[in-house]
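The values are calculated or read from the model by the stated rules, or taken from the named source; none is laboratory data. Model, not experiment: these values are computed from the prediction. Cβ placement follows ideal geometry from the backbone for every residue including glycine, while neighbour counts extend to all protein chains displayed.
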Amino acid sequence: MYRQQGTGVVMRRREIVQAGIGLLLLILGVLLAALPKDWIEETVGIEPDAGSGALELMILLGAIVVGLALIVPVALRQVRARRGSRLEGSR
């Protein structure tokens, strides 16, 4: 799963892509939070949520939740792999 290079642990390409997409979604969530709550109504000209901002909030929360769901497993695998490499190095 991981291979060691020097003292560090090298991530697989899939994990790098997964973490990158997750980071982009988190940045998107932060950028969406900076927009006014009725940005869909202003941009598109329709009111899917009658101007309440509920749809915009769902898009914002969806981006953040999916971003975290992509990043957290990669981070946990990295921590576990580094702990394992430290334990093997101390033997």
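Points worth noting:
- Any chance residue 63 is at pLDDT 90 or above and more than 18 Å from the chain's Cα centre (by Cα): no
- Residue, modelled with the lowest pLDDT, within the range 67-81, restricted to residues that are surrounded by 15 or more Cβ atoms within 10 Å (Cβ to Cβ) and over 16 Å from residue 27 (Cβ atoms): 81
- When the criteria are applied in full, residue 90 fails the requirement of being at pLDDT below 90 and surrounded by 13 or more Cβ atoms within 10 Å (Cβ to Cβ).
- The range 11-61, residues that are of a type in the set (Gly, Ala, Ser) and more than 30 Å from residue 81 (Cβ to Cβ): 33, 34, 45, 50, 51, 52, 53, 54
- Positions within the range 33-57 being part of a helix (DSSP H, G or I) and either over 30 Å from residue 77 (Cα atoms) or modelled with pLDDT of 95 or more (or both), in sequence order: 34, 39, 40, 41, 42, 43, 44, 54, 55, 56, 57
- Members of the range 34-58 found to be on the phi < 0 side of the Ramachandran plot, of a type outside the set (Ser, Thr, Tyr) and loosely packed, with under 11 Cβ neighbours inside 10 Å, listed by number: 34, 36, 42, 44, 46
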